Amino acid sequence: MNAHSRLKITLLQVLVMVVFLLAWHITTTTWLFAEPKKMQFFFSTPIDVIARTWKQFAGGEIWYHLGITLTETVLAFVLGATGGVLCGFIFARKELLAAVFDPYIKAANALPRVVLAPIFALWFGLGIWSKVALGFTLVFFIVFFAVYQGVREVSQTVLANARMLGMNERQLMRHVYWPAAMTWMFSSLHTSVGFALVGAVVGEYLGSSAGLGYKIHEAESVFDVTGVFSGMLILTIFVLILDTIVTMIENRLLVWRPGQASTSANG
Amino acid sequence: MQETAAVADIRAAASAAVALSGIDITFNLKDGGRYQAVKDISVSVADGEFVAVVGPTGCGKSTLLNAAAGLLRPSAGAVGILGEPLSGLNLRAGYLFQLDALMPWKTALQNVAVALEPQGVPAGEAEERARDWLARVGLRAFTDRYPHMLSGGQKKRVALAQVLIRDPKILLMDEPFGPLDAQTRQIMGNLLLDLWSKDRKAVMFVTHDLEEAISLSDRVVVMSAGPAATIVGDYRVSLKRPRDIADIRLDRDFHDIHRQIWQTLKVEVQRAYAAGEGKDMA
């Protein structure tokens, strides 16, 4: 992509945002559709939302809630990914185990995890661990299936070659199966980090005393639309930052993957 | 007992690096049928001898090579390696695959160095020797590249270094230069001959390219078209060494031996083509 079209796209992207904010502003501050007061009750105004968001960051209180949500997300991701990698790995290497547990894993994965949230609240209380548990159930299966598939589909040629080099089972693990598993774990990184956050926020939303989900829920319960939108804005910024970090980690760890190096060279 | 007779043959041919005797290889197909790929093949490779195995596509050349590598157990017959009956993988041999066999998550250097780990060579020394081997195959400047950053020929060079660093007594090669373009094949052929001439390992080189087979080897073994492929010709190539793969093809003796072998191979290629028509042979 050349610089000219790149600039053009950026400008157009900004234009889309400006048009959206203007439309929002006009509909909620003029008599175009209805009385502005009524419109603002339902939709707030962009200036109010931005002002509230600014105030939240400036006031400092939001950092505490962000910290809680971040902690839950990271814990859910680390525990879920660790469990997923280990189980996926073991199942991929033990045919019998995989065959026996296959229907149960499918059944567990088919269950909408949100219904578990109240049970987790009951088991783990209203603190962070019930949210971590919810995020765990989401992350675990994504990583599990990715790693399971990845390890089973290791190139037969690479494997045969490693064997012909005289590698024993432990060395095959270390040099072939494990890197293959990690590759697949990282390829599911974006999805699984996203789901870890979903687990945390939904968990907070359904019952907690801290976190971004709690803030949004709190605003909703008093019909504070500005507060809800501001919470959503903060959540979006948070996700974007998290995603950027994940992309950076991915580019760093998967340098050997075709396309990865050239992408970062272009960018 | 056919089995013990075969073993006795191996004992007799103790000087042979690879001795395949009475090899049958039959696959059980998914649909319940059976496919006999190779039937009653006996062939041996003497120590220091470069033997090329040619045959039409799908004739079971690679299958036979896999039997010599221990990657595949023959349905009947015996495999002798340096006078010992083979059980399990043939770790005294280095195997060069047709397809990419490098670990994509390791750099060229790591791929070569890791080949020494099973022998218990300390990591530092392994890296040192790997560096040396990469230089020998002309990749001094590419040690830190990952396989996807290397060309097809460069990947083959890494694979060659990975196999040779272990210093195997035997080299098994399965159309290793098959996926490369014509010029690169010649360069790789010359590199292989150059490296081979230093210590003359026993080589079993499978290819469907007769010119490549003749220009590299001391002996060309011709296999018939499958199923139930057998050996239909065994020719000595007494062209002088050292050879240059490109130049030797212009040699008159080269043409004579080529014509002679092609008489046999042509029949098999036509048979394979006729049999393959209408059904796709894997």
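A few comments on the model shown:
- Meeting the requirement of 2 or more residues that are among the small types (Gly, Ala, Ser) and within 14 Å of another protein chain (Cβ to nearest Cβ), the helices (runs of 4 or more DSSP H) wholly within the range A:117-174 are A:156-164.
- Residue in the range B:221-236 that is more than 21 Å from B:Glu175 (Cβ to Cβ), surrounded by fewer than 16 Cβ atoms within 10 Å (Cβ to Cβ) and either more than 18 Å from the chain's Cα centre (by Cα) or not assigned by TED's automatic domain parsing to the domain that holds B:Val43 (or both) present: no
- If you go through the range A:258-267 and keep only what is within 20 Å of B:Leu150 (Cβ to Cβ) and either modelled with pLDDT of 80 or more or away from chain B (no Cβ under 11 Å) (or both), you end up with A:Thr263, A:Ser264, A:Ala265.
- Strands (runs of 3 or more DSSP E) enclosed by the range B:13-118 - at least 3 residues per element that are modelled with pLDDT of 90 or more and within 13 Å of chain A (Cβ to nearest Cβ): B:93-96
- Residues of the range A:78-116 classified as more than 21 Å from A:Thr191 (Cα to Cα) and in a helix (DSSP H, G or I), total: 14
- When the range B:208-224 is filtered for residues that are closer than 7 Å to B:Val51 by Cα and either part of a helix (DSSP H, G or I) or among the basic types (Lys, Arg) (or both), only B:Arg219 remains.
- Of everything in the range A:111-140 that is small (Gly, Ala, Ser) and buried (at least 24 other Cβ atoms within 10 Å of the Cβ), the residue that is nearest to the chain's Cα centre (by Cα) is A:Gly135.
- Exclusive hit being hydroxyl-bearing (Ser, Thr, Tyr), over 21 Å from A:Val132 (Cβ atoms) and either crowded, with 21+ Cβ neighbours inside 10 Å or within 14 Å of chain B (Cβ to nearest Cβ) (or both), set A:Ser187, A:Ser192: A:Ser187
- Hits in the range A:150-176 (condition: in contact (Cβ under 8 Å) with a residue 60 or more places away in the chain and surrounded by fewer than 21 Cβ atoms within 10 Å (Cβ to Cβ)): A:Arg152
The values are calculated or read from the model by the stated rules, or taken from the named source; none is laboratory data. Since we're looking at a predicted model, the values are computed, not measured. Every residue, glycine as well, gets a Cβ built from its backbone with ideal geometry; the counts of neighbours run over all protein chains shown.
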